[in-house]
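The values are calculated or read from the model by the stated rules, or taken from the named source; none is laboratory data. This is a predicted model, so every value here is computed, not measured. Quick reminder, even Gly has a Cβ in these numbers, built from the backbone with ideal geometry, and neighbours come from all protein chains shown. Just so you know, the surface numbers come from the protein's heavy atoms only, side chains and all, with ligands and any DNA or RNA stripped out. Shrake-Rupley method; radii C 1.70, N 1.55, O 1.52, S 1.80 Å.
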Amino acid sequence: CCSILQMRKQWYQRRVRGLAAVKEAAAVFDPHLVVLGGFQMLDTYPFTEAELQQRLQEVEDFLASLSPDTLVHFEMASFVNANLLKRLTDIILPYSDSVGMNEQELPNLSSVIETGNIVYISDSKIKISKTMDDTRQLLALLTSLPRKKPLSRVHVHTLAYQAVFTLNQNSRWRSGITTAVKSSLTATRYVCGDESIDSSKTRMILDDSFSSSSMPGSQRIPIIDATPVSCWPDGPYEVCLAPVLVCTQIKQTGGGGDNLTGVGLLYHLL
C-alpha cells in the first residue's frame, strides 16, 4: 500500500555520510514517506562550523529535492546542544508533515523554537492534560512559522499512553485510532520482548479518566475497559489516545521509540 524510506542508519558515522546515495535512491524509489531521525548522534561531534553548515545544507538540499507528494516525518530525540537543535528545526520542520517525540522532548522543542534554549530539567510524571496543552502549544508555534507544507500530524509517545493529533482536513492520513492502538501494542511487545501479551507481566498506570486540558472546565474523558482508546475533536485536529500496558518484566527499552514510531506511521498512511 505504501513505500517508506527511513533515514536513520546514515548517521552512524556522525557525518551524514551516504546522504548523496539516499538522495539518488529517493529519486528512483519515489517513497510515499521519508522518516528522518537519529540526529542526536551529531549532538556532541566536534564539527567545525564550516563542516556542520555543509552537512546541514546537504540535509536541506535533500528535503528540497523530494516530491511535494512525499510525506516527511521528523522524529525528535534528546539534545544538549541548543544551537544544533535550533538549526535542525529551522531546516527540517518547514518540510515536515509529521513530527514525533516523547513527553519530555515536546516542551524542549517548543522552548528551542520560542527562546533558542533547551529545557534541561523536566518532570518525569507529566499529566496527560499538560502533554495535551504542550502539544497544542507546539502546533500553534509550528503552524505560525513559514512552512514549505502544512504540518498535519503529531505523535507523542509516553510510557503510559500514545497520543496522535491528526489534522482533520488532510488527504494523506487515516484516523489516528489505529495508529494509537498499534503503537501501544508495539510498545508493550517490544519492551516485554514477546509478541504475545501476558497480562500477568503488564499493568496499566493511567487513572480511569483524564482531562483533555489543564484549563478549568475542560472535558474529562473516561477510559472504558471495553473500549479504552479515546478519540475526540480538538479544534482543527482529531486526537486519539491509547493507554499502554506497561511491561513489568522488562527485556529491552533501547530502540523502542523507533519501533513504535515506524508502526504508527505505517498504519496511519492512507
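Return the residue satisfying two criteria in turn: it lies in segment 112-134 and is polar (S, T, N, Q) and either open to solvent by 20 Å² or more (accessible area, probe 1.4 Å) or in contact with an Asp or Glu (Cβ under 9 Å, 6 or more places away or on another chain) (or both), and of such residues it is nearest to Leu260 (Cα to Cα).
My answer is Thr131.
For segment 253-266, state whether one or more residues are β-branched (Val, Ile, Thr) and surrounded by 18 or more Cβ atoms within 10 Å (Cβ to Cβ).
Checking segment 253-266: at least one residue is β-branched (Val, Ile, Thr) and surrounded by 18 or more Cβ atoms within 10 Å (Cβ to Cβ).
Just the residues that are buried (at least 17 other Cβ atoms within 10 Å of the Cβ) and of a type in the set (Ser, Thr, Tyr), please, taken from segment 212-244.
Answer for segment 212-244, where residues must be buried (at least 17 other Cβ atoms within 10 Å of the Cβ) and of a type in the set (Ser, Thr, Tyr): Ser212, Ser230, Tyr237.
Asp69: part of a helix (DSSP H, G or I) and either out of contact with any Ser or Thr (no Cβ under 8 Å at 6 or more places or on another chain) or small (Gly, Ala, Ser) (or both), yes or no?
It is false that Asp69 is part of a helix (DSSP H, G or I) and either out of contact with any Ser or Thr (no Cβ under 8 Å at 6 or more places or on another chain) or small (Gly, Ala, Ser) (or both).
Quick grid of which residues meet (1) closer than 25 Å to Leu269 by Cβ; (2) in contact with a helix residue (DSSP H, G or I) (Cβ under 7 Å, 6 or more places away or on another chain); (3) modelled with pLDDT of 95 or more:
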| position | (1), (2), (3) |
| --- | --- |
| His155 | yes, yes, yes |
| Arg172 | yes, no, no |
| Ser199 | no, no, no |
| Phe210 | no, yes, yes |
| Gly217 | no, no, no |
| Asp225 | no, no, no |
| Cys231 | yes, yes, yes |
| Val239 | yes, no, yes |
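Which of the residues belonging to segment 111-135 are under 23 Å from Asp90 (Cα atoms) and out of contact with any Ser or Thr (no Cβ under 8 Å at 6 or more places or on another chain)?
Ser111, Glu114, Thr115, Gly116, Tyr120, Thr135
Looking at segment 68-77 only, could you name the residues that are farther than 19 Å from Gln104 by Cα and either modelled with pLDDT of 95 or more or surrounded by 11 or more Cβ atoms within 10 Å (Cβ to Cβ) (or both)?
Thr70, Leu71, Val72
Here is a list of conditions, (1) touching a residue at least 24 places away in the same chain (Cβ under 8 Å); (2) touching a strand residue (DSSP E or B) at 6+ places or on another chain (Cβ under 6 Å); (3) open to solvent by 70 Å² or more (accessible area, probe 1.4 Å), and Val181 meets all of them except one; can you say which number that is?
Failing condition for Val181: (3).
Can you pull out every residue in segment 185-210 that is within 18 Å of Ile128 (Cβ to Cβ) and either free of Cβ contacts under 8 Å to residues at least 60 places away in the same chain or not aliphatic (A, V, I, L, M) (or both)?
Passing the criteria: Arg203, Met204, Ile205, Asp207, Asp208, Ser209, Phe210.
With (1) surrounded by 12 or more Cβ atoms within 10 Å (Cβ to Cβ); (2) out of contact with any Ser or Thr (no Cβ under 9 Å at 6 or more places or on another chain); (3) within 19 Å of Lys149 (Cα to Cα); (4) not aromatic (Phe, Trp, Tyr) as the list, and Glu58 as the residue in question, which single condition is left unmet?
Status for Glu58: all satisfied but (3).
Within the bounds of segment 238-256, is there any residue that is under 30 Å from Gly38 (Cα atoms), more than 18 Å from the chain's Cα centre (by Cα) and in a strand (DSSP E or B)?
yes
All but one of (1) over 16 Å from Val156 (Cβ atoms); (2) in contact with a Gly (Cβ under 9 Å, 6 or more places away or on another chain) hold for Leu266; which doesn't?
(2)
Can you pull out every residue in segment 141-177 that is open to solvent by 60 Å² or more (accessible area, probe 1.4 Å) and in a helix (DSSP H, G or I)?
Scanning segment 141-177 gives Thr143, Ser144, Ile177.
Being assigned to a loop (DSSP other than H, G, I, E, B) and either more than 20 Å from Leu142 (Cβ to Cβ) or at pLDDT below 90 (or both), is that true of even one residue in segment 84-99?
no
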